[in-house]
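A.B. asks: Here you go, one structure.
Just so you know, all these numbers are worked out from the coordinates, no wet-lab data involved. Small disclaimer: the values here were computed from a predicted structure and weren't measured. Glycine gets a Cβ as well: all are built from the backbone with ideal geometry, and neighbour counts include every protein chain shown.
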Amino acid sequence: MDPSSHEVNSVSVPAGGVLRLRMAGVHKSFGATRALRGVHLEVGTGEIHALIGENGAGKSTLMKILSGACLADEGIVELDGKPFVPSSPLHARAEGIAMIYQELTLAPHLSVEENILLGAEPSRWGWLRQGRRREMAHAALQELHHENISCEALAGELTIAEQQVVEIARALIGSPRVLIMDEPTSSLTQVDTENLFRVIRKLKQRRVSVVYISHFLEECLALCDRFSVLRDGESISSGAMGETDLSRIIRDMAGREISEIYPRTPRTAGDVVYEWRGLAGVRKPSGVDLSLRAGEVLGVAGLVGAGRTESLRAAFGLDRARAGEIRVFGTRVESPTPKRNLDAGVGLVSENRKEEGLMLARDLADNLAMTRFGPFSKWGFISRRRQRECAWSWMEKLSVKAAGPDQTIGELSGGNQQKVALARLLHHEARVLLLDEPTRGIDVGSKAQIYSVISELAAAGKAVIVVSSYLPELLGVCDRVAVMCRGALKEIRPVEEWDEHSIMTAMVGAEGVAGEGGRV
Amino acid sequence: MGFAVVGLLFVVLLGWKDVVDQMEKEDLKGWDGWRRAWGSSGFEGLKAFLSVTNIKTVLSQTVIVAIGSLGMTLIIVSGGIDLSVGSVVALTSVLGATLAAQEWGSFGVIAATVLAGGMIGAINGGLIAGLRMMPFIVTLGMMGVARGLAKWLAKNQTVNYPESAGVNHLMKLEDLDHFLPLPSGVWLAGGLAVLLAILMNRTVFGRHVFAIGSNEATARLCGIRVPWTKAFIYALGGVFFGFAGLMQMTRLTQGDPSGAVGLELDMIAAVVIGGASLSGGTGSVAGSMMGALIIQLLRNGSSLMAWPNYTQEIIIGVVIILAVGLDRWRQSQEPRSG
């Protein structure tokens, strides 16, 4: 149970001093795709190591090799100085490699303790030892300072952040030597992220080595000791976090400067084209007023659960609106449904790309044109040829990397999928675009492209609402930023009057900020 | 495709059986004997199976399941299922026979039968879309309701009608010695298949059907009126089941309220063998037609071989698993991008 027992004489060595994990010259190909081309990774004992790279850079493949999900074609892996060939996930787990995936893998209908000890249930002659299980689960949670999570609660009833703690507790049961975390904060709020960081630092004290994968570079900077950057399956750079800065890392991973990421087009706000008056959902939001001008990008910040997504969904007619009215170009949208909104020229990109945003099993062309077959159909009959031509032209405009319009969308990378989801609105010629977390979980290159598309849309006189949990992006892209808190819109100000700290203060609902109310 | 492999395997099996029979007849043994039997065998069984007459017979026997599979394809591609088809076929065949017995004209009988099927489908679809009920449960209930109605309408007996009724020409197997004409039912099934294929692949409605089956949440997001579309899908499916009922009726010149039990399972099997996924979003008319044909070919081949009924059942069961298993395996072999 004591992970540091084999490192007794290394206690005084600083993090990164004694190697826990060494991967060298790792090659891996899938068919003709060379995913890894001689990658190196060195992680010290009790070190938090950021593994950084765009989607498709090879991070996931490297971690799959480490966790035994696939075999390397070439290269060596050493764990505590001994050669280690992870042959299966089970084998890697037994050797102390634990992995926490981006998508949570808890069984929602089982209790917390059942989840924590899933596959490692304490038993005697096949009979479950319930008391012992409770003890072990509780001890694991206690170690993470989360005794507040009840062992009997059903996993599905916990918040995402709590579920993540349970997931980490599960990893701790196997007393891991290396813990891999893949985008653990992508669905967490700032506060939950802070809590998670405390938990991770706790692991560091236990001399567990953590490989931390995240698109949020600021997080890596705050949390990690060292970093490695991958690009196109090759090791680009690595070093101590303290000796580098953000712009260098971004340059390494994207091959471009940070100033190119938030391009701003010259634009002027026109007339009010889109309004919410007293918009209220079944539970959230509770009466939101908002108005948006043509050629304007409005950001909406807030904690998860503040009612941002709920507002968009109620306005778009995906969820029932309890009260309020929506006006598009001055015309009221009666009892909004997605169809009526689309007919009025309002489009929405869902925050949940895989489950709602796209039909993963269908091809690119259909995903792109689903709301508007008009340009290439007559009497309800579609000309597939013209549909493909149209899809090609959008693929070129947004530089979507895909084999062609007939490729299944699920085979594309997250960034390219998101570009298609956005292209659907462009093809629909939406004049009001509601974008819910448009850059979640996608690589920096695609992010930059989506920002520039938003910018161009505004310059062309479209009105855009961006809901995001990533404050630098709101500050970089938007003309005005609104902050929501507990279902109400607290404040809207021009972007120049905000900074990350003041937005955060407003988000958590601190006193003395909500002076002006939400009306603009 | 899985079904093509299965079809070939079956032809090989029949040929092999011919050779083995020949070996028994000539009392031959071993590899040499097998080779001599291969030479001297006339492949009578295989020839009978592949003869024009037999293929025409198989085609006409397939018509009922084939037409039903069309409706089932539409429903399964949209992510649904319909378990009431067997009962609906019985009900519509009884209705048609009753009307024909009352000397309604052909057109009237056809229209009434098909409309009745469509109406039951519309009720299914209305409940599924309006109350957001599971298709499995709604159609399971409708399976009982329609069966009961059929028996009630027929007063628990088969309903006979005069052979001379005009509709009766739909399934007559005449002129079997010529390649053409095929029975009109086969033409009807082919025509309906072409229409449905065009509807599903070339129209906006077809895109919507695939979209709903692939991801209903996305369909809603894209402004597709999911409830209406679903209701229409089941109603249209019902129209096909009405046609299947009509075929069932004209084949035997009667409406049998206790017939066609479990017919929906044949149709589901045909659709699935044809490459559709029960979770929706994939499937094709051509595939389903091949699936229906394969099932009937196996039945027919087995009875030509004079294999007992239980052998047929085992073979068809294995084939469903084999055909779908092959498709799965093939998909898992495709390289995935990561």
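A.B. asks: Can you grab the distance from the C-alpha centre of segment A:486-509 to the C-alpha centre of segment B:87-123, Å, no decimals?
C.D. replies: 66 Å
A.B. asks: Related question: Go through B:296-305, A:292-301, B:266-275 and give me the packing order, highest mean Cβ count within 10 Å leading.
C.D. replies: Values: B:296-305: 19.4, A:292-301: 23.7, B:266-275: 26.3.
Going from most to least packed, we get B:266-275, A:292-301, B:296-305.
A.B. asks: From zero outward in steps of 10 Å, how is the percent of C-alpha pairs of segment B:1-109 spread across the bins?
C.D. replies: 12, 22, 24, 18, 14, 8, 1
A.B. asks: State log₁₀ I(q)/I(0) for segment B:229-317 at q = 0.11, 0.13, 0.26 Å⁻¹ as given by the Debye formula over alpha-carbon point scatterers of equal weight, solvent excluded.
C.D. replies: Debye output, listed in q order: -0.40, -0.55, -1.32.
A.B. asks: Write down the Kirkwood hydrodynamic radius of chain B, to one decimal in angstroms, obtained as one divided by the mean of 1/r over all alpha carbon pairs. Write down the numbers at each step before the final one.
C.D. replies: Values: mean 1/r = 0.0472 Å⁻¹.
Hydrodynamic radius (Kirkwood, Cα pairs) of chain B is 21.2 Å.
A.B. asks: Now for a different question. Rounded, prolate or oblate: pick one for segment A:50-209, where a ≥ b ≥ c are the square roots of the eigenvalues of its C-alpha gyration tensor, a/c under 1.5 means rounded, and failing that, prolate if a/b is larger than b/c, else oblate.
C.D. replies: Working: a/c = 1.87, a/b = 1.30, b/c = 1.43.
Oblate, because a/c is 1.5 or more while a/b does not exceed b/c.
A.B. asks: Using θ = phi - 60° and the Karplus form 6.51 cos²θ - 1.76 cosθ + 1.60, what ³J(HN,Hα) does each residue of segment B:82-90 get, whole Hz, x for Gly and Pro?
C.D. replies: Running phi through 6.51 cos²θ - 1.76 cosθ + 1.60 with θ = phi - 60° gives 10, 8, 8, 4, x, 5, 5, 4, 4 Hz.
A.B. asks: For the pair B:Trp16/B:Ser40, report the inter-label distance in nm, with labels modelled 7 Å from Cα in the Cβ direction.
C.D. replies: Placing both labels 7 Å beyond Cα along the Cβ direction yields 2.3 nm.
A.B. asks: Return the ratio Rg/(2.2 N^0.38 Å) for segment B:276-316, where Rg is computed over Cα atoms only.
C.D. replies: Details: Rg = 13.2 Å, N = 41, 2.2 N^0.38 = 9.0 Å.
Cα Rg divided by the expected 2.2 N^0.38 Å: 1.46.
A.B. asks: Please report, in Å, the Rg and the Dmax of segment A:187-264, where both are computed over Cα atoms only.
C.D. replies: When restricted to the Cα atoms of segment A:187-264, Rg and Dmax are 14.0, 46 Å.
A.B. asks: DSSP beta bridges in the protein assembly as shown, what fraction antiparallel, as a percent rounded to 5? Intermediate results must be reported in sequence, preceding the final value.
C.D. replies: Working: 52 of 87 bridges.
Around 60 percent antiparallel, to the nearest 5.
A.B. asks: For A:Met484, what residues show an amide H to amide H distance below 5 Å, using hydrogens built from the backbone and excluding near sequence neighbours?
C.D. replies: Placed amide hydrogens put A:Ala301, A:Gly302, A:Lys490 under 5 Å from A:Met484.
A.B. asks: Next up: Run a plain Debye calculation on segment A:118-198 (Cα atoms as equal point scatterers, no solvent) and give log10 I(q)/I(0) at q = 0.13, 0.17, 0.22 Å⁻¹, rounded to two decimals, same order as the q list.
C.D. replies: Evaluating at q = 0.13, 0.17, 0.22 Å⁻¹ gives log10 I(q)/I(0) of -0.44, -0.73, -1.14.
A.B. asks: Under a straight-distance cross-link criterion of Cα-Cα below 20 Å, which lysines are reachable from A:Lys419, leaving out those fewer than 8 residues away in the same chain?
C.D. replies: Candidates past the 8-residue exclusion: A:Lys354, A:Lys397, A:Lys401, A:Lys447, A:Lys462.
A.B. asks: Per-residue mean of other chain beta-carbon atoms within 10 angstrom of the beta-carbon, peptide A:363-375? Before the final figure, lay out each step's value.
C.D. replies: Values: counts 1, 0, 0, 4, 5, 0, 3, 11, 4, 3, 4, 1, 0.
Partner Cβ neighbours, averaged per residue: 3.
A.B. asks: Taking each residue in B:212-219, count the Cβ atoms of any other chain within 10 Å of its Cβ, then average. What number comes out? Numbers along the way, then the final one.
C.D. replies: Numbers: counts 1, 3, 8, 10, 2, 8, 14, 4.
If you average over the peptide's residues, the count of other-chain Cβ atoms is 6.
A.B. asks: Shifting gears a bit: Using only atoms on other chains, find how many Cβ atoms lie within 10 Å of each Cβ of peptide A:351-357 and report the average. Numbers along the way, then the final one.
C.D. replies: Working: counts 0, 3, 1, 1, 3, 7, 5.
Across the residues of A:351-357, the mean count of other-chain Cβ atoms within 10 Å is 3.
A.B. asks: Per residue of segment A:244-251, what does 6.51 cos²θ - 1.76 cosθ + 1.60 with θ = phi - 60° give for ³J(HN,Hα)? Whole Hz please, x for Gly and Pro, Karplus curve as stated.
C.D. replies: Going residue by residue, I get 10, 9, 4, 5, 5, 4, 4, 4 Hz, with x marking Gly and Pro.
A.B. asks: I've got another one for you. In percent, how large is the relative contact order of chain B, given Cα pairs closer than 8 Å and 6 or more residues apart? Spell out each step's value before the answer.
C.D. replies: On the way: 584 pairs, mean separation 107.0, N = 338.
Computed over chain B, the figure is 32 percent.
A.B. asks: Given H placed on each backbone N at 1.01 Å, which residues far from A:Gly53 in sequence or on other chains put an amide H within less than 5 Å of it?
C.D. replies: Answer set, sorted by chain and number: A:Leu230.
A.B. asks: Sticking with this structure for a sec: What aspartates and glutamates sit close enough to B:Lys230 to cross-link, taking a C-alpha to C-alpha distance under 15 Å and skipping anything fewer than 8 places away on the same chain?
C.D. replies: Those aspartates and glutamates meeting the cut-off are B:Asp82, B:Glu216.
A.B. asks: Give me the distance in nm between label points sitting 7 Å out from Cα along the Cα-to-Cβ direction at A:Ser150 and B:Ser279, one decimal.
C.D. replies: In this crude spin-label approximation the distance works out to 3.3 nm.
A.B. asks: Another question about this same structure. State, to one decimal in nm, how far the label point of A:Glu325 lies from the label point of B:His169, with both points 7 Å from Cα in the Cβ direction.
C.D. replies: With each label point 7 Å from Cα toward Cβ, the separation is 6.4 nm.
A.B. asks: Per residue Cα convex hull volume for segment B:37-186, in cubic angstrom?
C.D. replies: Working: hull volume 25.5 nm³, N = 150.
Dividing the Cα hull volume of segment B:37-186 by its residues yields 170 Å³.
A.B. asks: Still on this structure, please answer the following. Which of the lysines could be linked to B:Lys56 by a straight reach, that is with a Cα gap under 16 Å, when you skip same-chain ones fewer than 8 residues away?
C.D. replies: Once the sequence-local lysines are set aside, what remains near B:Lys56 is B:Lys47, B:Lys172.
A.B. asks: Right, another one. How do A:145-156, A:394-405 rank on mean C-beta neighbours within 10 Å, highest first? Display every interim value, and only then the final one.
C.D. replies: On the way: A:145-156: 15.1, A:394-405: 16.7.
Order by mean packing, descending: A:394-405, A:145-156.
A.B. asks: Another question about this same structure. Beyond 18 Å, what share of the Cα-Cα pairs of segment A:376-486 is found? Please give it as a whole percent.
C.D. replies: On the way: 3273 of 6105 pairs.
When all Cα pairs of segment A:376-486 are counted, 54 percent exceed 18 Å.
A.B. asks: Can you compute the equivalent ellipsoid semi-axes for the protein assembly as shown, i.e. the square root of 5 times each eigenvalue of the Cα gyration tensor, sorted largest first and rounded to whole Å?
C.D. replies: On the way: eigenvalues 646, 281, 128 Å².
Rounded to whole Å, the semi-axes are 57, 37, 25.
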